[in-house]
1. Treating only the Cα positions of segment 74-211 as identical point scatterers, give the base-10 log of I(q)/I(0) from the Debye formula at each q in 0.15, 0.18 Å⁻¹.
2. Run lengths n ≥ 4 of DSSP H only: what is the helix-derived mean residue ellipticity at 222 nm for the chain, with -39500 (n - 2.57) per run over all residues, to the nearest 500?
3. With a point put 7 Å past each Cα toward its Cβ, work out how far LYS252 is from LYS63 in nm, to one decimal.
4. Rounded, prolate or oblate: which fits segment 1-44 when a ≥ b ≥ c are the square roots of the eigenvalues of the alpha-carbon gyration tensor, with rounded for a/c under 1.5 and prolate only if a/b beats b/c?
5. Specify which residue in the list TYR190, ILE51, ALA138 is farthest towards the positive end of the charge dipole of segment 1-193, using unit charges on the beta carbon of Lys, Arg (+1) and Asp, Glu (-1), about the Cα centre.
6. What whole-number distance in Å separates the alpha-carbon centres of segment 378-405 and segment 138-190?
7. Per 5 Å bin, what percent of the C-alpha pairs of segment 1-154 does each bin hold, from zero upward?
8. If segment 199-266 were replaced by its equivalent ellipsoid, with semi-axes equal to the square roots of 5 times the Cα gyration tensor eigenvalues, what would those be, largest first, whole Å?
Amino acid sequence: MELGIMQSRASNYAEAQKSFTLVINSSPENATAYFNRGYAKYNLKDHRGAINDFDKAIDLNPKYTEAYIARGMSKSKQDDNKGAIQDYNRAIELNPLDANAFFSRGVSKVKAENYKGALSDFNKSIEIVPDNAPSYIARGTCKQNLEDYKGSLEDFTKAIEISPKRPTPHVGRAFSKMKLNDFKGAIADYSKGLEINPEDAESLYHRGFCKSQIEDYSGALADFDKALTLDQESVGAYYGRGFAKNKLGNTKGAIEDYNRAILTGNLEKIKIVYSGPITKQILDELRNNVQERLKMAEMSPERSEVYFNRGLAKARLGDTKQAIEDYNKAIDLNPTYAEAYFTRGMVKSAMGDQRGAVQDCTNAIKLNPKYAEAYYVRGIIKQALGNTDGCFDLSKSGELGYNQAYNVIRDYCN
């Protein structure tokens, strides 16, 4: 038995398993030997075999608390969260002061998306053992899932105090700061986490995102580049790098990255034709306003932001047909995307589809009643089409702060 325990402590689990098997062969009623062999199998990722050994240990000793916890962990690895929780419940019945049982049950509840139940278990685990960093990390992560980012900051900070060389609490705290729009604080925490673990592609991506929010696009570009050397399949990093390149004036490079982010094919170059009341000068002015105020949005699962940004980049290169296709896709994925309606309307107007442009501006205004530029564009088009309501739209645009509208009102509405 002692040899197997020494081998397990040295992480030599294959040899430990053999040693515990010898003990079992000579002493088949030894519950501890089954437990230890199950532990070795668990670490060898033989979870089915581990469960069999823990079953036997519990058969031999029905009050074997540690065996219930270990069996629950093995079941959790096989995504049997219900079975795992039942085992942790039994362990807690046997020993209501077993912090590990509460912690493990909390982890299974998180997997089952029962975050409030998990929070209660992590609270109890910390109450029993107040200086266990993983419990604070787990509770902080659970609070993030409940969108309690301020509360999670306290937990990650405590975990850092207990175990400052772990990267996870630095990264967790950084994520919460990012969600609270403390981008400089998040960058500092991501940087600390990356000092400890420089190969963390996800942290590089998130730090790049934060740098984009404070308009450090060169720094963001460097982070996205590094993230992609570590993970060439990181959709978020391609999206972020495309955004940074666009902001730095590398429109073609941005489109290439957006293509990678949404896994589409080659571009079709189309020469832009301007017609109708939205002249090239007006279009450029409005598009520049969109570009200047645009911040890198967190990418949603459906990736509508990537299509939208690629549409902006294509429009800048004059690829109007392809730009509209991207705006169409962004709107299909997110029907409440006011910016996508507005920018599609601008391109439609430039291509001569004035009624389509008016409808897109109307949709944008329905989604964002304070959209000054949408009133402005709709007003100009209505005036050009002989609809006197255009002056009302221009007036509304001015009231909302778009001062250029007053120049048009002076020339066409008095």
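All of the numbers you see were taken from the coordinates with simple rules; none came from a lab. Keep in mind the model is a prediction, meaning the values are calculated, not measured. Cβ coordinates were reconstructed from backbone atoms using ideal geometry, including for glycine residues, and neighbour counts include every protein chain displayed.
1. Computed log10 I(q)/I(0) values: -0.74, -0.97.
2. -23500 deg cm²/dmol
3. Taking the two extended label points, one gets 7.8 nm.
4. Numbers: a/c = 2.04, a/b = 1.60, b/c = 1.28.
Because a/c hits 1.5 or more and a/b exceeds b/c, segment 1-44 counts as prolate.
5. About the Cα centre, the residue reaching furthest to the positive side is TYR190.
6. 47
7. Pairs per bin, as whole percents: 2, 11, 17, 18, 17, 15, 10, 6, 3, 1, 0, 0.
8. After scaling each eigenvalue by five and taking roots: 17, 15, 8 Å.
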